[in-house]
Amino acid sequence: MTHWKKLTNPTYLGSYAFQPGEEKALTIASVGQEMVTNPAEPDKKENCIVAHFQQPEKPLILNKTNCKTIEKLTGTPDIEQWPGAGIILCVQRVNAFGELVEAVRIRPVKPYICSDCGGIITGYKDRSHAEIREHTRKEYGRQLCAVCATKAAEARRRNEPAEAQSEPAEMRPHRRRRTAAAEA
């Protein structure tokens, strides 16, 4: 589904940028004040606190609720200390100006960290960060980001016999179990 606001290409991240139930795990690159213009009222400008991210995502205007959540996650109210912090964005329905509206909120939990590189596990292609974490924990015995999971898969392929590499991926775990049982 395409939200109409996606077609107007607003400068800042909003609830329109999320699919139902989607969460975005991001790393803060910088936080500061910026003069923000409302596209509906181009003459009206407002000084806002804005977070930019290390990932290719639009910046987010931070309201007091989201600032307080980042403060709790980082343990400091100093915005200069927030870069490098991992956050998870989601959409919640909130009361605002007498209406129930969708708003971007920061979940009050820290995101998953890759066991190999120490980076934040983010969504990749059609998988959420939680799905990647669960998949890599089952597949490799540790939680990995997409980059480290790719490296682990390549390393695993290099260690397998040549005939196993030509097998369909779904058959490899079954062959490995038979081989391990035969060796025992």
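At-a-glance table
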quantity: Residues of the range 29-43 that turn out to be part of a strand (DSSP E or B) and over 26 Å from the mean Cα position of the chain (by Cα), as a count; calculated: 6
quantity: Test for residue 70: is it outside the structural domain of residue 143 (by TED's automatic domain parsing), in a strand (DSSP E or B) and surrounded by 18 or more Cβ atoms within 10 Å (Cβ to Cβ); calculated: no
quantity: Residue that is within 17 Å of the chain's Cα centre (by Cα), at pLDDT 90 or above and not charged (D, E, K, R), where the choices are 87, 120; calculated: 87
quantity: Residues that are among the hydroxyl-bearing types (Ser, Thr, Tyr) and assigned to a strand (DSSP E or B), drawn from the range 103-140; calculated: 124
quantity: Residues satisfying the stated conditions in the range 114-134, i.e. under 18 Å from residue 24 (Cα atoms) and surrounded by 15 or more Cβ atoms within 10 Å (Cβ to Cβ); calculated: 114, 119, 120, 121, 122, 123, 124, 128, 129, 130, 132, 133
quantity: Residue pairs meeting the criteria (Cβ under 6 Å; at least 6 apart or on separate chains; first exposed (fewer than 10 other Cβ atoms within 10 Å of the Cβ), in the range 1-24; second modelled with pLDDT under 90); calculated: none
quantity: Subset of the range 38-56 (residues that are surrounded by 10 or more Cβ atoms within 10 Å (Cβ to Cβ) and either modelled with pLDDT of 85 or more or in contact with a His (Cβ under 6 Å, 6 or more places away or on another chain) (or both)); calculated: 45, 46, 48, 49, 50, 51, 52, 53, 54, 55
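Table: residues versus (1) of a type in the set (D, E, K, R); (2) farther than 23 Å from residue 21 by Cα; (3) not assigned by TED's automatic domain parsing to the domain that holds residue 54.
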{"site": "103", "(1), (2), (3)": "no, no, no"}
{"site": "127", "(1), (2), (3)": "yes, no, yes"}
{"site": "132", "(1), (2), (3)": "no, no, yes"}
{"site": "137", "(1), (2), (3)": "yes, no, yes"}
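The values are calculated or read from the model by the stated rules, or taken from the named source; none is laboratory data. Note that the coordinates shown come from a computational prediction; the quantities given were computed from them, not determined experimentally. Neighbour counts run over all protein chains shown; Cβ positions are idealised from the backbone, glycine included.
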